[in-house]
Amino acid sequence: MPGPKQERAQKTREEILRAAAEVFDERGYHGAGMREIMKRAGVTLGAVYFHFPNKEALAQAVMHEQPATIVPSLRSEGLQRLVDITLVWSHKLQSDPLLRAGVRLTSEQTGYGFDDVTPYRQWAQIMEECLVDGLAAGDVRTDTDVPALAEFLVAACTGIQAYSLLASGREDLPERARTMWRLIMPAIATPHAAAGIDVSEAREAAVNGLTAGSGR
């Protein structure tokens, strides 16, 4: 069990991450300053540097936090879980600073002087695990190249969010995510699963807590 000191340190780290995400989301990497992040978090500059030695480390921590904003809240499994991840992701990208900043930093990082592919690999691993579970449940076609499909889905999601950002400020991103699944599902799911996996607007509302009901 963590002691009070460890709990305070963890709470301080989370407050710094959240404040940093807000500033990175608003200003980008180059426009964000450690002092502004310190003030937003309500901590000392020493506390910021205790947890994160520099702005690059703080930005990478925000980037790596993306799955934690989504995955722990889902109870579904297999192929439905994979769909649900994208339905929550597409909705939260409209409002969650931590997820928004993580996506922005990941996609813009080539201009920051560092290259960190870890966030993409994190998502690919999570998606691959869902597909493996779906394969075991008989929902995913046995001829599916699971690692390749997982990487393709990460790339597809990266693309639709970038397109949506320019086209509508991400207002239409949930619709684009649902369209992606309607196009892809017949090619990757068994006939029985393709009819049962829910990619509807009602499902999106449910997994985002906008209506009653959630897990499949």
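The values are calculated or read from the model by the stated rules, or taken from the named source; none is laboratory data. What you are looking at is a predicted structure, and each value in this text was computed from that prediction instead of being measured. Ideal geometry is used to build each Cβ from the backbone, glycine not excepted, and the neighbour counts take in all protein chains shown. Protein only, heavy atoms only, side chains kept; ligands, DNA and RNA dropped before computing areas. Shrake-Rupley method; radii C 1.70, N 1.55, O 1.52, S 1.80 Å.
Only one entry in ALA187, ALA136, ALA193 is hydrophobic (A, V, I, L, M, F, W, C) and either surrounded by 13 or more Cβ atoms within 10 Å (Cβ to Cβ) or modelled with pLDDT under 95 (or both), namely ALA193.
Please find, among ARG13, ARG35, the residue that is open to solvent by less than 90 Å² (accessible area, probe 1.4 Å) and assigned to a helix (DSSP H, G or I).
Values: ARG35 fails: open to solvent by less than 90 Å² (accessible area, probe 1.4 Å).
Result of the check over ARG13, ARG35: ARG13.
State all residues of the stretch 187-201 that are part of a helix (DSSP H, G or I), touching a strand residue (DSSP E or B) at 6+ places or on another chain (Cβ under 9 Å), within 18 Å of MET127 (Cβ to Cβ) and not β-branched (Val, Ile, Thr); if no residue qualifies, say none. It would help to see each step written out before you state the result.
Just the residues of the stretch 187-201 that are part of a helix (DSSP H, G or I), to begin with: 187-188, 191-196, 201.
Subsequent filtering for residues that are touching a strand residue (DSSP E or B) at 6+ places or on another chain (Cβ under 9 Å) retains 188, 193, 195-196.
Then drop every residue that is not within 18 Å of MET127 (Cβ to Cβ), which leaves 188, 193.
Of everything in the stretch 187-201, just one residue is part of a helix (DSSP H, G or I), touching a strand residue (DSSP E or B) at 6+ places or on another chain (Cβ under 9 Å), within 18 Å of MET127 (Cβ to Cβ) and not β-branched (Val, Ile, Thr), namely ALA193.
Going by what's in this entry, would ALA68 be described as out of contact with any Gly (no Cβ under 6 Å at 6 or more places or on another chain), more than 16 Å from GLY209 (Cβ to Cβ), among the aliphatic types (A, V, I, L, M) and without any contact (Cβ under 8 Å) to a residue 24 or more places away in the chain? The answer is yes for ALA68.
For the stretch 42-60, a residue qualifies if it is open to solvent by 20 Å² or more (accessible area, probe 1.4 Å), farther than 18 Å from ASP115 by Cα and either touching a Leu at 6+ places or on another chain (Cβ under 9 Å) or part of a helix (DSSP H, G or I) (or both), and the qualifying residues are LEU45, GLY46, ALA47, TYR49, PHE50, HIS51.
If THR190 satisfies all but one of (1) touching a residue at least 24 places away in the same chain (Cβ under 8 Å); (2) within 17 Å of the chain's Cα centre (by Cα), what's the number of the condition it fails? THR190 satisfies every listed condition except (2). Considering only the stretch 159-171, I want to know if a residue exists there that is open to solvent by 40 Å² or more (accessible area, probe 1.4 Å), touching a Lys or Arg at 6+ places or on another chain (Cβ under 9 Å), touching a residue at least 12 places away in the same chain (Cβ under 8 Å) and over 17 Å from MET127 (Cβ atoms). Yes, some residue in the stretch 159-171 is open to solvent by 40 Å² or more (accessible area, probe 1.4 Å), touching a Lys or Arg at 6+ places or on another chain (Cβ under 9 Å), touching a residue at least 12 places away in the same chain (Cβ under 8 Å) and over 17 Å from MET127 (Cβ atoms).
Note on the stretch 166-186: residues that are touching a Ser or Thr at 6+ places or on another chain (Cβ under 9 Å) and part of a helix (DSSP H, G or I) total 8.
Annotation note: Cβ proximity below 8 Å between a residue of the stretch 23-47 that is without any contact (Cβ under 8 Å) to a residue 40 or more places away in the chain and closer than 14 Å to GLN109 by Cα and a residue that is part of a helix (DSSP H, G or I) and of a type in the set (Phe, Trp, Tyr) (sequence gap 6+ or interchain) occurs for ALA32/PHE24. Pairing each residue of the stretch 98-125 that is on the phi > 0 side of the Ramachandran plot and at pLDDT 95 or above with any residue that is surrounded by fewer than 14 Cβ atoms within 10 Å (Cβ to Cβ) and not aliphatic (A, V, I, L, M), provided the two are 6+ apart or on different chains, yields no C-beta distance under 6 Å.
Take GLU108 and decide whether it is open to solvent by 60 Å² or more (accessible area, probe 1.4 Å) and either of a type in the set (A, V, I, L, M, F, W, C) or closer than 22 Å to ALA156 by Cα (or both). Working first, answer last.
Details: open to solvent by 60 Å² or more (accessible area, probe 1.4 Å): yes; either of a type in the set (A, V, I, L, M, F, W, C) or closer than 22 Å to ALA156 by Cα (or both): yes.
So GLU108 passes the test.
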